[in-house]
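Take a look at the structure below.
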Amino acid sequence: MLGSVVRKIPDELVEHYLGRSGFHCPDLRLTRLVAVATQKFLSDIASDSLQHCKARVAAPIKDNKSKQPKDKRLVLTMDDLSKALREHGVNLKHPEYFADSPSAGMAPSTREE
Amino acid sequence: MGTPAKHPRAVPRHLQAAVSTVSTAQILRSSGYSAAEPTALRALSDIAGRYIASLGRAAAAFAEARGRTEPNVADAVLALEDHALGGFPGASDPTRPLLCSGALAELAQFVAAVREVPFAKPLPRRDPGCGSSDGWESFAAAGREPRLRHVPQWLPCFPEGWEEQLRVRCQEAANDEKDTGQVVTVMNGNGKRGMPENREKLSFLLGQKRQRVKPSDKHGGAFEPFTKQGENSLSIECISSASNLVIGP
């Protein structure tokens with residue numbers, strides 16, 4: 001079953017991460033099992049976020065002209081990723097912007113000076 | 001990094017981040033995305049690495065709970081079932097056979113689905129850390145004596161031909177200096193810095209007695225205002241002589 005999968009995650013990378021958590025196994029098939037499982041995990045997340053992205057594009061259907069250029073370029077955004085990861089148990093929160101000036105968030109009295 | 005003794009070569013942190021980013025990008029591409037935000041890509045590749053580590057940690061824990069140090073297939077399958085957050089078919093049966101578990105069945109379905117869209121293998125098979133450097137070998141392990149006496153034997157060996165390279169570099173620097181005549185810092189054999197010849201000898205005298213002021217033409221008459229001052233003036237003597245100045249450390 002494992003040999004026919006096109007492996008996108010190199011075995012050395014998987015072995016390195018497994019080694020960091022105490023999983024040392026000379027059997028290559030186990031390493032490939034973990035690699036395939038990770039690939040499945042990632043593709044599940046990717047497909048979920050793709051659905052979110054397409055749902056966002058499909059929602060404001062007013063005219064056909066604006067819909068076509070958006071379909072050609074599907075970009076993975078942090079917003080879609082965090083929504084997809086929430087269903088898989090990962091809590092990802094990304095701040096949209098940082099504070100605009102160094103005095104942002106300070107007390108008003110010191111800011112005036 | 002905590003790598004076990006059998007693998008002395010540790011993958012550097014940036015390399016593994018880059019490789020996992022490339023792999024994640026490949027997987028995203030195969031699922032239909034044409035672009036990704038850089039922060040999102042980095043976050044997802046980091047999560048992939050943590051997922052692998054989490055699977056390994058769970059499998060190692062299951063193995064240790066049964067008195068083994070090396071996880072086997074059963075431990076790996078149990079770890080997979082543990083990570084199936086949405087559940088899998090057959091989870092409610094505690095006596096289920098592991099190798100026929102629903103988690104593996106879902107994995108098999110994924111494999112069958114992926115096989116339908118063949119892609120060229122994106123990354124060539126390589127062993128990071130084995131290409132350029134074989135890891136290091138200490139002097140004692142290599143059975144060689146270090147050339148410099150202050151270097152202990154348990155330190156890694158010097159690279160091959162380092163003395164030759166140093167000599168060649170000094171030769172080139174010396175050759176360059178003769179051609180252009182610029183001031184070039186050349187490390188001589190004894191480690192002292194040498195300066196080029198034909199440099200004027202400057203002496204600064206603070207004194208009331210000497211008021212010898214002969215501004216030489218070489219300085220363009222810059223010292224003229226100093227000539228008319230009183231006794232407590234600074235006079236500069238310029239003696240041009242072909243003498244070497246050697247400034248030691």
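The values are calculated or read from the model by the stated rules, or taken from the named source; none is laboratory data. The structure presented is a predicted model; accordingly, all values stated were derived computationally and were not measured. Glycine gets a Cβ as well: all are built from the backbone with ideal geometry, and neighbour counts include every protein chain shown.
Summary of values
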{"item": "Residue within the stretch B:24-40 that is touching a residue at least 60 places away in the same chain (Cβ under 8 Å) and not small (G, A, S) present", "result": "yes"}
{"item": "Cross-chain or 6+ apart pairs with Cβ under 8 Å, the stretch A:83-95 first and more than 10 Å from every other protein chain (Cβ to nearest Cβ), then surrounded by 15 or more Cβ atoms within 10 Å (Cβ to Cβ) and among the aliphatic types (A, V, I, L, M)", "result": "A:R86/A:L92; A:N91/A:L85"}
{"item": "Of residues in the stretch B:30-51 being at the interface with another protein chain (Cβ under 9 Å from one of its Cβ atoms) and among the charged types (D, E, K, R), the one surrounded by the most Cβ atoms within 10 Å (Cβ to Cβ)", "result": "B:E37"}
{"item": "Qualifying residue in the stretch A:53-70 (condition: touching a Leu at 6+ places or on another chain (Cβ under 9 Å) and at pLDDT 85 or above)", "result": "yes"}
{"item": "Enumeration of residues in the stretch B:41-77 that are outside any helix (DSSP H, G or I) and either closer than 18 Å to A:V14 by Cα or touching a residue at least 40 places away in the same chain (Cβ under 8 Å) (or both)", "result": "B:E70, B:P71, B:N72"}
{"item": "Candidate set from the stretch B:7-29 (those that are more than 8 Å from chain A (Cβ to nearest Cβ) and not in a helix (DSSP H, G or I)); member that is modelled with the highest pLDDT", "result": "B:P12"}
{"item": "Residue list for the stretch A:76-104, filter: in a loop (DSSP other than H, G, I, E, B) and within 12 Å of B:I47 (Cβ to Cβ)", "result": "A:H88, A:G89, A:V90, A:N91, A:L92"}
{"item": "Lone unmet requirement of (1) modelled with pLDDT under 85; (2) under 25 Å from B:V22 (Cβ atoms) for A:V90", "result": "(1)"}
{"item": "Of all residues making up the stretch A:22-52, the number that are crowded, with 18+ Cβ neighbours inside 10 Å, among the hydroxyl-bearing types (S, T, Y) and within 8 Å of chain B (Cβ to nearest Cβ)", "result": "2"}
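Conditions tested, residue by residue: (1) modelled with pLDDT of 90 or more; (2) of a type in the set (V, I, T); (3) assigned by the TED database to the domain that holds B:V22.
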site	(1), (2), (3)
B:A65	yes, no, yes
B:T69	no, yes, yes
B:A84	no, no, yes
B:P89	no, no, yes
B:A105	no, no, yes
